[in-house]
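Enquirer: Once you've had a glance at the structure underneath, I'll fire off some questions.
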Amino acid sequence: MHKGVIQHSLLFLCIFCTTLTGIAQIGGQNQGLNKIMQQTQSVNDVTKPREYELAGITTSGAKYLDPDLLIAVTNLVIGQKVFLPNDEHIAKAIKALWKQELFSNVDITITKYIEDKVFINIAVEERPRLSRFNFRNIKTSEAKELKEKLSLVANKVVNEATKKEAIVRIKKYYNDKGFGRVQVTALERNDTGAINKIILTFVIDKGSKTHINQINISGNNNAAESRLKRTLKSTKENSRFTLHPDDEQNVYGSSDRSFGKYLADFGFLSVSKTLDALDPYFRFKLFASSKFNPAKYEEDKQSLINYYNTLGYRDASIIADTTYPVKNGNINIDIKVKEGRKYYFGNITWKGNTKYNSEFLTRTLGIKKGDVYNQSLLEARLGRQLSPDGGGEDVSSLYMDDGYLFFNIDPVEISIVGDTINYEMRITEGAQATIRDINIAGNDRTNEHVIRRELRTLPGNKFSRADLIMSQREIANLGFFDQEKIGILPKPHPEDGTVDIDYTVVEKSSDQLQLSAGFGGGVNFYGNIGITFNNFSIRNIFKPKMWDPLPVGDGQRFSVSYASNGAYYNSLSTAFTEPWLGGRKPNALTANIVYSKYSAAAIGTDPNLSFLRMAGGGLSMGKRLNWPDNYFVFNYGVFYNNYRLKDYALVPNFTDGYSNDFHFKFILSRNSIDKPLYPRSGSNVSFTLQITPPYSAFTGIDYANESYQQKYKLIEYHKYKFTADFYQKIYGNLVLRLVSKYGFLGYYNSGIGFSPFERFQVGGDGLSGYSYFIGKDIISQRGYEIYATDATIFNKYQAELRYPFSLSPTATIYGLVFVDAANAWDNFSTYNPFSLNRDVGVGIRIFLPMFGLLGLDYGIGIDRYDPATNTTGFKDISKFNFMLGFEPE
């Protein structure tokens, strides 16, 4: 009897210690659970399940994971009851471990039991981790870019999902570059220098670039194929720059003379491609080659459908499209569209509106019954998406500018009768929201009060979307932050009808260093050095932590500039601006001092034999106005300049003596430009009045018989200038700029006549050194040398098309084409506003935070061309203009 009991007990222990296994597949999980069930049943030698108490949990196989964390993932705890062989907690534990995607195998084994207590071990086999990764068959520069795009780091667990994600990103990278047939394979090999680590190698076969040979569109009965192709923004046909042979034959009489030779005869071969529009005999096909990008192609197909929707074809669709290779290695694209029916707007009714009546809302919407159906226009006029014209006059703006932050409008199609769609606009006005808190983040150098005082959104005020837009503009105009990254996030609290507004900014360098050299204007070679601190702070002078390199943070402006060529020309100027005098209102105080001396004596002789010296300064105040609107600013100031001439022929008969210019200046301006560096919309209009007291009216002297020294001792004049500068976005970031400028200098006393100072100099690039220190306004004109030096009247008109190449805060770069017209006159008797000097050309602007604006223009003076005397083509009528630090007037 004892022998039988012993044998039975041994058998019982052997079977009970058998491994209970979970298999590393979804189906294997069930198989592993079945093993537990079968073995538990064998231990009990009965068919009835049994309950155990979990008395101990151990782990094995984990090299990187903490054992306690591993146990925590299973949600198994000591003292827990498990119902073997069919316990749901064991099953969930296995699934939880697999869900982590960290293991290649998971086993749960029973190590021992004591009566109704069971002890288990969680055995895992960890997936390999990444040691490093590399690429084959690509350039070093490409590998560097790819490493930044892949989310692969050392010690990261490598599984199939990891490799698949990396391959997808690599393919996208090359698809964007036009390699539509790229193939990527991921190879693994063990890292012999580390435990359980692998090296990933991505073998890349880029193939050839995929270009689009031809795009064919069919089924378009109501839209031109050429117009539909323009909707495919990133999917363009491949073409090249060509001159039609028949045109070349027509121009030259034979095709053996090249077009380049023709331009070379005019001295302009290097930029011939930019002047194709100047000769009507030539027709060019100038298209950039197109790379096929599958992802962008899908977006472009939707753009094509969106265009059809704007024409009223709301059911338009692409019913078939295919890409197929052609003999030259490129591909053709065939697109078949189904236009469907053209729809029109029907009746539009309003529901839920109590603030505004239906008639007013219909006028604001601007859509009438019978208008062609246009979903995008409807959304824009309702304010549910950005309007093509910039928004601000839509239905949502009416409400949100008056505090209705919780406003919502839902356009519902209530019926479609034939080709007519009837709408009901369902409005939920909600309550007016009050601004509770304003939060500002990202201002690492600029003090918060500098930003906060520019905001139009104030705690306690009603919420207004217009105030948000204005606040964003004011922050951008400070010039201290990246204007493309100014963030505004309203956080509404419907429970109490309030809203918090979070502003985020990204600091950028706003100080400017100017180093330049010039030649001309009678001073020969001269150098200039200047520095401007746009975020200066007087109160931080004694705080070393706020020096960068001078004290910063309060938005004050301090500048100093010095130019010299030695003893014959010296000029020093400095200015300081406090934009918020007193700290309570935006009243800007500016003080400036200037000194310059120019010698007309021959180089090598005593510079004091002949010179013009000027010393002066002034104070001015600027005040923001709330009427007619809050874009207006009024500036007023008082200035004094003292001139001394010694044997210096400024004007005839006035070569020696002193002149005093004490004048008042008043400027009324309205500036609604959206962004200062690259404006896309808005205008800057200003009127300037500059006057001196009419001294001669109080002296009783007949100045007609007085000397010029007496006439010009106290300079008197009245001067007027008007400038209107408009910006309008045409398409995307393409911007049209239109400018008009006028100036007039008058006198009080005919016996004195015009002042020798404050006249207008027109022509040139506006950078001539001579013009800076003789008291004249410099009006530049591209394509012309200086053609008027003592004018009292000028008119100037400009038109520019601008397109940005980079809007980065570190370098804003844009190109432009321009047409200008200007002229100047000595008096009204010769004034003819229709007699203008015209020019055309191209240019580029580069704004670097540290150096300011750099520019280069190439202008062709059209009215300089004389067929009778011009034999060298464009050489004699064209001119390069440079600019540094500012845009010449």
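Enquirer: Principal axes first, then extents: for the Cα atoms of segment 152-237, list largest minus smallest coordinate on each axis, whole Å, largest first.
Expert: Principal-axis extents of segment 152-237 (Cα, largest first): 67, 22, 17 Å.
Enquirer: Run down the lysines and flag those whose C-alpha is under 17 Å from the C-alpha of residue 491, throwing out any fewer than 8 positions away in its chain.
Expert: 462
Enquirer: Another question, if that's okay. Determine, for each peptide in 623-630, 557-564, the mean count of other beta carbons within 10 angstrom over its residues, then list the peptides with the highest first.
Expert: Working: 623-630: 11.1, 557-564: 17.8.
Final packing ranking: 557-564, 623-630.
Enquirer: Starting from the 7 Å offset along Cα-to-Cβ, what nm value, one decimal, do you get for the label separation of residue 414 and residue 710?
Expert: A separation of 8.8 nm, rounded to one decimal place.
Enquirer: Next question, about the same structure. How many nm is it between the label spots at residue 75 and residue 318, if each spot is 7 Å from the Cα in line with the beta carbon?
Expert: 4.6 nm
Enquirer: While we're on this one: What base-10 log of the normalised intensity I(q)/I(0) is obtained for segment 792-843 from the Debye formula, alpha carbons as equal point scatterers, at q = 0.24, 0.25 Å⁻¹?
Expert: Treating every Cα as an identical point scatterer, log10 I(q)/I(0) equals -0.86, -0.89.
Enquirer: Follow-up question, since we're still on this one. Whole-Hz ³J(HN,Hα) for each residue in segment 613-626, computed from phi via Karplus 6.51 cos²θ - 1.76 cosθ + 1.60 with θ = phi - 60°, x for glycine and proline: what do you get?
Expert: 10, 9, 9, x, x, x, 10, 9, 10, x, 10, 7, 10, 9
Enquirer: Using the structure shown, select from 545/675; 296/338; 585/741; 729/879 the pairs with a Cα to Cα distance greater than 24 angstrom.
Expert: On the way: 545/675 31 Å; 296/338 21 Å; 585/741 31 Å; 729/879 29 Å.
Beyond 24 Å: 545/675; 585/741; 729/879.
Enquirer: Which ³J(HN,Hα) values, rounded to whole Hz and listed in residue order, are derived for segment 735-749 from phi using the Karplus coefficients 6.51, -1.76 and 1.60 in 6.51 cos²θ - 1.76 cosθ + 1.60 with θ = phi - 60°, glycine and proline given as x?
Expert: Whole-Hz 3J(HN,Hα) from phi for segment 735-749: 10, 9, 10, 10, 9, 10, 9, 9, x, 8, 10, x, 10, 8, 10.
Enquirer: Pull out the extension gain between residue 529 and residue 887, defined as 0.36 nm times the separation in residues minus the alpha carbon to alpha carbon distance; nm, one decimal. Let's see the in-between values first.
Expert: Numbers: separation 358, 0.36 × 358 = 128.88 nm, distance 1.78 nm.
Result for the pair: 127.1 nm of gain on full extension.
Enquirer: How big is segment 337-431 in terms of Cα radius of gyration and Dmax, in angstroms?
Expert: 13.8, 47
Enquirer: Please list the radius of gyration and Dmax for segment 148-191, considering alpha-carbon atoms only, with Å as the unit.
Expert: Every Cα atom of segment 148-191 included, Rg and Dmax give 11.7, 35 Å.
Enquirer: Along segment 122-133, what does the Karplus equation 6.51 cos²θ - 1.76 cosθ + 1.60 (θ = phi - 60°) give for ³J(HN,Hα), rounded to whole Hz, x for Gly and Pro?
Expert: 9, 9, 10, 10, 6, 5, x, 10, 6, 8, 6, 9
Enquirer: Cα-based Rg of segment 95-208 per 2.2 N^0.38 Å, rounded to two decimals? Could the numbers behind the result be given before it?
Expert: Details: Rg = 19.6 Å, N = 114, 2.2 N^0.38 = 13.3 Å.
Its radius of gyration relative to the 2.2 N^0.38 Å reference: 1.47.
Enquirer: Rounded to the nearest 0.05, what FRET efficiency do residue 99 and residue 724 have when you use their Cβ-Cβ distance and R0 = 56 Å? Before the final figure, lay out the partial values.
Expert: Working: r = 67 Å, r/R0 = 1.20.
About 0.25, to the nearest 0.05.
Enquirer: How much length, in nm to one decimal, is gained on full extension between residue 172 and residue 64, taken as 0.36 nm per residue of separation minus their Cα-Cα distance? Please report the intermediate quantities before stating the final value.
Expert: Values: separation 108, 0.36 × 108 = 38.88 nm, distance 3.30 nm.
Result for the pair: 35.6 nm of gain on full extension.
Enquirer: From Cα coordinates alone, what are the radius of gyration and Dmax values for segment 555-613 in angstrom?
Expert: For segment 555-613, the Cα-based Rg and Dmax read 17.4, 56 Å.
Enquirer: With r as the distance between the Cβ atoms of residue 500 and residue 880 and R0 = 51 Å, compute the FRET efficiency 1/(1 + (r/R0)^6) and round to 0.05.
Expert: Step by step, r from the Cβ atoms, then E = 0.45.
Enquirer: How much length, in nm to one decimal, is gained on full extension between residue 736 and residue 624, taken as 0.36 nm per residue of separation minus their Cα-Cα distance?
Expert: Stretched out fully, the residue 736 to residue 624 stretch lengthens by 37.6 nm.
Enquirer: Which pairs in the list 95/144; 95/164; 99/156; 147/206; 236/327 are over 28 Å apart, alpha-carbon to alpha-carbon? Mind dumping the intermediate values first?
Expert: Numbers: 95/144 39 Å; 95/164 23 Å; 99/156 16 Å; 147/206 17 Å; 236/327 19 Å.
Long pairs (Cα-Cα over 28 Å): 95/144.
Enquirer: Hey, with R₀ at 51 Å, roughly what FRET efficiency would residue 358 and residue 149 work out to, going by the Cβ-Cβ distance, to 0.05?
Expert: On the way: r = 53 Å, r/R0 = 1.04.
Given R0 = 51 Å and the Cβ-Cβ separation, E is 0.45.
Enquirer: Oh, and also: Between residue 341 and residue 203, what is the spin-label point distance in nm, taking each point 7 Å from the Cα along the Cα→C-beta axis?
Expert: With each label point 7 Å from Cα toward Cβ, the separation is 5.8 nm.
Enquirer: Excluding ligands, DNA and RNA, what is the solvent-accessible area per residue of segment 558-622 at a probe of 1.4 Å, expressed in Å²? Walk me through the numbers on the way to the answer.
Expert: Working: 3060 Å² over 65 residues.
Normalised by residue count, the accessible surface of segment 558-622 is 47 Å².
The values are calculated or read from the model by the stated rules, or taken from the named source; none is laboratory data. Source: prediction; values computed, not measured. Note that we place each Cβ from the backbone using ideal geometry, even for glycine, and neighbour counts take in every protein chain shown. The protein model used for the area step is the full one, side chains on, heavy atoms only, and it has no ligands, DNA or RNA in it. Shrake-Rupley method; radii C 1.70, N 1.55, O 1.52, S 1.80 Å.
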